[in-house]
1. Just name the residue that is surrounded by the fewest Cβ atoms within 10 Å (Cβ to Cβ) out of those in region 284-298 that are in a loop (DSSP other than H, G, I, E, B) and on the phi < 0 side of the Ramachandran plot.
2. Looking only at residues in region 239-283 that are hydroxyl-bearing (Ser, Thr, Tyr) and outside any loop (DSSP other than H, G, I, E, B), which one is nearest to Ala146 (Cα to Cα)?
3. Do you know which residues across region 156-174 are outside any loop (DSSP other than H, G, I, E, B) and over 12 Å from Thr115 (Cβ atoms)?
4. Are any residues in region 63-87 in a loop (DSSP other than H, G, I, E, B) and either open to solvent by 30 Å² or more (accessible area, probe 1.4 Å) or free of Cβ contacts under 8 Å to residues at least 40 places away in the same chain (or both), and if so, which ones?
5. Is it the case that Gly224 is in contact with a Lys or Arg (Cβ under 8 Å, 6 or more places away or on another chain), modelled with pLDDT of 95 or more and either surrounded by 23 or more Cβ atoms within 10 Å (Cβ to Cβ) or of a type in the set (Gly, Ala, Ser) (or both)?
6. Name every residue in region 102-117 that is hydrophobic (A, V, I, L, M, F, W, C) and open to solvent by less than 10 Å² (accessible area, probe 1.4 Å), in order of residue number.
7. Can you pull out every residue in region 374-399 that is open to solvent by 10 Å² or more (accessible area, probe 1.4 Å) and farther than 20 Å from Ala417 by Cβ?
Amino acid sequence: LKAIVPDPPAQVPLGFSSTMASQGFRHSGVAAGMGKQLIVVSCYTRFDNLAHGPRGTEAKRSLYTYSMDPADGQMVLLAITQDEVMNPAFSRFHPRKNLLYTCTESVAENGQIVTWRVCPETGRLSKLASSDAGGTSTCYLTLDRACENMLVVNYWDATIGVFGVDPKQGHVDTARSMFDPNNGRRMKARHDKHVNHSQNDHSAQAERQADPHSHAVILDSYFGRIAFVPDLGMDVIRQFRYDPEAGSLTAAGMIRSGPADQKALGPRYIEFHPTLPMCYVINELASEVSVFEFDLHEAQQLLNSSLDSLQHASPVIRLVQTIRTIPDAFPGNLNTCGRITVHCSGNFVLVSNRGHDSIAVFRVQHALPRAGMLSMVGNFHTRGATPRHFQFDGSGQWLITANQDSDRISVFRFNLANGRLDWTGHEYRVPSPNFVCNVQPHAEEVVELSDERPSDAVAADLATQQVGGGGVLQGGLLRSGATVPLPRINSRL
């Protein structure tokens, strides 16, 4: 079979992000004068309308832009936004335009999806547009493969929306569709009277899981037409067929995010491996990573199913492992997990622990029969409290943690050989940091490669495809030999 996937991240040229590479874009040049990259940190500006309870300082300004020196990991503050935007808590950088998207977090009022223009030279963020997210406590944004739609998740009322993206300016437009897993029913928890979602005892878990709470949405790495939504409240990963032309999501079953006999899992995020047919779910309440195998055959069956039969669709991911993120003797009710990511090398998975205040690093096994499964490297203290988020720079050698409750961001050197995190001594005061976004500005728009998708016949052939090294895909699962590259489609935070 002819290869139809881009080169793996390890072959990406300097200055070209792995996210762009995985989506099939080629870079037309790094921004003039850009020897460094930008790091944008968002902050909580108001605490009384949040589901959880930050213990740091309310920020007066919501977005801080730094430049990073890739030689030593040091950062310099370039810009602070003057526009008053409340609680931006998630960011996404456009793969072809110098645009940054943020969404605002509040349980009391609808979120806003704000589009910012990024100045490559100064790091200044200029507000371009703002759109209503159609729900409360907006927490996740995903651009589809063509960058024609934005998929949006609202945590508090659990709704998942598909919004159009303006083809010229690139800002998020109006909603094209909205899926409500609660079917219009009122939430049991009230926005003005609820448990602190930072707590993790039995009573807090019971209230948090009395309602659906969607927490993220990503598209599968191969077809880009199957959406996965972790529902923290229901302990499931919801599965959808995504239609980019119609801008719609159609429910296609669900999968438990961990072992069937285990309660209070709390799935928060899901991320695909860049080359293996595997994905990883972080269960926030259980402090565990669930490892799933992605079944290409079942995925193709789902995409070919009639609309009426989608509700009976088989799961396209299958649980193969769970592994704890904190030491065995550390009480689970004193911790909740934050972010999960797969390192661009594909060799490590990292998770943040809020309470234990650490980054858990896992090595990804590549030898069969355990390809894609995880083994613990270690836990590394984040030099601050409550690491809500963390981010690698473009090289993958520097990691920045957002220590929400100690008003600090910290920089670590990541050892690409053994996965250890070494403290650099670089830390910067930022009030209530909640998200770190790696921004590598474009000199001009990135030219999109032809969108070469597999035909149905070719995709079906992959059920028994012979791959290099003697490996075979049987039923869409990797059974022996080498890996099959599955391009990541915009799932990186």
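1. In the first step, residues of region 284-298 are kept if they are in a loop (DSSP other than H, G, I, E, B); the result is 284-287, 295.
If we keep only those that are on the phi < 0 side of the Ramachandran plot too, we end up with 284-286, 295.
Working: Glu284: 28, Leu285: 23, Ala286: 27, Asp295: 21.
Looking at the filtered set, the residue picked out is Asp295.
2. Residues of region 239-283 that are hydroxyl-bearing (Ser, Thr, Tyr), as a first pass: 242, 248, 250, 257, 269, 275, 280.
This time we only want the ones that are outside any loop (DSSP other than H, G, I, E, B), so: 242, 248, 250, 269, 280.
Values: Tyr242: 13, Ser248: 15, Thr250: 19, Tyr269: 23, Tyr280: 24 Å.
Once the filter is applied, the top-ranked residue is Tyr242.
3. Ile160, Gly161, Val162, Gly164, Thr174
4. Across region 63-87, the qualifying residues are Asp69, Pro70, Ala71, Asp72, Gln74, Gln82, Asp83, Glu84, Met86.
5. Judged against the criteria, Gly224 is a match.
6. Cys103, Val107, Ile113, Val114, Trp116
7. Scanning region 374-399 gives His381, Arg383, Gly384, Ala385, Thr386, Arg388, Gln391.
Every residue, every condition in (1) within 14 Å of Ser62 (Cβ to Cβ); (2) within 20 Å of the chain's Cα centre (by Cα), yes or no:
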| site | (1), (2) |
| --- | --- |
| Phe93 | no, yes |
| Thr102 | yes, yes |
| Thr122 | no, no |
| Leu128 | no, no |
| Glu148 | no, yes |
| Leu151 | no, yes |
| Asn154 | no, yes |
| Thr159 | no, yes |
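The values are calculated or read from the model by the stated rules, or taken from the named source; none is laboratory data. Nothing here was measured: the structure is a model prediction, and the numbers come from that model. Note that each Cβ is placed from the backbone with ideal geometry, even for glycine, and that neighbours are counted across all protein chains shown. Heads up: the accessible areas ignore ligands, DNA and RNA and are worked out on the full protein's heavy atoms, side chains in. Shrake-Rupley method; radii C 1.70, N 1.55, O 1.52, S 1.80 Å.
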